[in-house]
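> Below is a structure I'd like to ask you about.
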Amino acid sequence: MANCTYCREKAGLFKSEHTACAAEAEAARRQIADAVKMAVATGKQPAKIAPVIARLQFEGRLLEEEVRKLMLRSSDAAILEAVLSKPISDDELERLGSYYSAADSKWSERDIKERANFPGFLSALHANTLYQVLHGQVPYAQPGGFDDFNFQHDEFPILRRYATLAEYRSIPTGRSFQSVGLPIGGGLYYRVGMSQPRTSQTGLVPIDDGLMVITTKSIIYSGQHRNFRLPYPSILRFESFVDGFGIHGNHGPGKVFIPSKLGMMDEGWYFYNLVSALSKW
């Protein structure tokens, strides 16, 4: 006869937990997740809810490691929901980042690629970059990260990513979906939702793979077959995709950039809003 996982008392024949103990534990888990979500949404620091988390952990007889993992998942989900609705300042990025450190004492030591697998964390970084661009600030770029490119006077690189380049070769025949536009100021909108699906029926044909660089003045592409610089004034309109963004200019077919993923989530919303904002500079 095994002991209950939670209270450590005899659980009964062929049982590993008491029904009442399991129910209390599950209730505690839900309340912890709700407490974290509310704290993130209302601007609180994680230290403010620490006593509540400790009480719920005791009431639910939960192990500390389980609570830490639950806090990390709950924080990331709540942060993702928060930052997809608006850009965030440096101070807000620091506050949201403290939730990860509170749940994982070694968070700051983890490689950026590992941390980027948390959609909320990666989206918070993107939302902060958008905030800086919308306020006329040049986002930080790692020194030496763009030494293989030549830039114009007063042109500053923002990011580089390997990307597939595709072009429209025929009229799209695939389905389209409405996306929800949320205002973020300056006449720009986040595109939240499905955006346009990129399928084999849209008429998009991949034509190259290479390196894409987004700067304060242009989009640069260096591939195996195509190399070009597109100044923002030459672009008539942008197009939003789940996993990338499209551009349409005065000449030639429309182009779509499908950047490689930094984490696990699609980042089309970020690239679309970034280049749209930079084109207003």
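> Restricting attention to the stretch 107-143, which residues are of a type in the set (A, V, I, L, M) and under 11 Å from the mean Cα position of the chain (by Cα)?
Scanning the stretch 107-143 gives ALA116, LEU122, ALA124, LEU125, ALA127.
> Does the stretch 89-106 hold any residues that are under 30 Å from THR5 (Cα atoms), without any contact (Cβ under 8 Å) to a residue 60 or more places away in the chain and crowded, with 20+ Cβ neighbours inside 10 Å, and which are they?
TYR100, ALA102, ALA103
> Can you tell me which of LYS86, LYS37 is within 30 Å of GLN132 (Cβ to Cβ), touching a helix residue (DSSP H, G or I) at 6+ places or on another chain (Cβ under 6 Å), surrounded by 12 or more Cβ atoms within 10 Å (Cβ to Cβ) and of a type in the set (D, E, K, R)?
None of the others qualify; the one that does is LYS37.
> Which one of GLU17, GLU59, GLU65 is assigned to a helix (DSSP H, G or I) and either aromatic (Phe, Trp, Tyr) or surrounded by 12 or more Cβ atoms within 10 Å (Cβ to Cβ) (or both)? Break it down into steps so the answer makes sense when it comes.
Details: GLU17 fails: assigned to a helix (DSSP H, G or I); GLU65 fails: either aromatic (Phe, Trp, Tyr) or surrounded by 12 or more Cβ atoms within 10 Å (Cβ to Cβ) (or both).
Testing whether each residue is assigned to a helix (DSSP H, G or I) and either aromatic (Phe, Trp, Tyr) or surrounded by 12 or more Cβ atoms within 10 Å (Cβ to Cβ) (or both) leaves just GLU59.
> OK, next. Report those strands (runs of 3 or more DSSP E) wholly inside the stretch 209-278 carrying at least 3 residues which are surrounded by 20 or more Cβ atoms within 10 Å (Cβ to Cβ) and touching a Leu at 6+ places or on another chain (Cβ under 9 Å).
Qualifying strands (runs of 3 or more DSSP E): 218-223, 255-259.
Values in this text are rule-based calculations from the coordinates and carry no lab data. All of these numbers come straight from a predicted model, not from anything done at the bench. For neighbour counting, all protein chains shown are included, and Cβ atoms are generated from backbone atoms with ideal geometry for every residue, glycine included.
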